[in-house]
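Written below as structure tokens is the structure these notes are about.
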Amino acid sequence: MHIQALRATATLSILLWTKVSFTNLGLGGAKMNAGGRASEDTYQKSADEVTEEAKVAQERAQKIVNNDLENIPYTMAITWGSMLCIYLIEDESVRDQHAMAQIVFYSLFVIARVGHSIAYAKGLAYPRTAVWMLGFICTFAIGINGAVASFVVAS
């Protein structure tokens, strides 16, 4: 099971990075439409072409990126640290329990972060809050799982 957890962690990490990349590309497009890119980027819309809707879309896209930056890097670091602690457990049945928890919580975290971006983009406040909270709880669960695993390794 620990090999599956390692594979799941690696796969989910690249899926999460892909999501972050698309979110960043979306911000670049929103900035182009709102004239918010660097002044030398002459292909963007000029100030007289920019609509209020484009400005709002840029602000929303920026907030999505900022929220990702506030949550994803820390959780990825915690997740890989947890994976290391799980991997070092010698008792196979205990290791498998921690590995399964890793898979479940990190999967839920990734789903929550994708859901958060979708809800934010669509302006859905309550669903956005709900999936943010799910991801936040999963981060703690992953960290606690890894911390507990580290004590099993030491015993």
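Bear in mind that the values in this text are calculations on the coordinates, not laboratory data. Being a predicted model, the structure only gives us computed values, none of them experimental. Please note: Cβ atoms are built from the backbone with ideal geometry, for glycine as well, and neighbour counts cover all protein chains shown.
Things to note:
- For segment 2-154, the tally of Lys pairs with Cα-Cα distances below 19 Å comes to 11, considering only residues 8 or more apart or on different chains.
- Taking Lys and Arg as +1 and Asp and Glu as -1, the other residues whose beta-carbon sits under 10 Å from that of residue 117 total +3.
- Once the chain from residue 111 to residue 24 is taken as fully extended at 0.36 nm per residue, the excess over their C-alpha distance is 29.5 nm.
- Simple label model, 7 Å out from Cα along Cβ direction - residue 50 to residue 137, nm: 4.0
- Gyration tensor over alpha-carbon atoms, segment 1-82, equivalent ellipsoid semi-axes in Å: 36, 11, 9
- Peptides 90-98, 135-143 ranked from most to least packed give 135-143, 90-98, packing being the mean of other C-beta atoms within 10 angstrom over each peptide's residues.
- Sorted on the mean count of surrounding Cβ atoms within 10 Å across their residues, most packed first, peptides 16-23, 111-118, 49-56 read 111-118, 16-23, 49-56.
- Binned Cα-Cα distances of segment 35-114, short to long, each 5 Å bin given as a whole percent: 3, 12, 15, 14, 11, 9, 9, 7, 6, 6, 4, 3, 1, 0
- Each residue of segment 134-142 was assigned a 3J(HN,Hα) from its phi angle through the Karplus curve 6.51 cos²θ - 1.76 cosθ + 1.60 (θ = phi - 60°); the sequence is 4, x, 4, 5, 4, 4, 5, 5, 4 Hz, with glycine and proline shown as x.
- Dimensions (Å) - segment 1-143, Cα atoms, principal axes, largest first: 67, 33, 17
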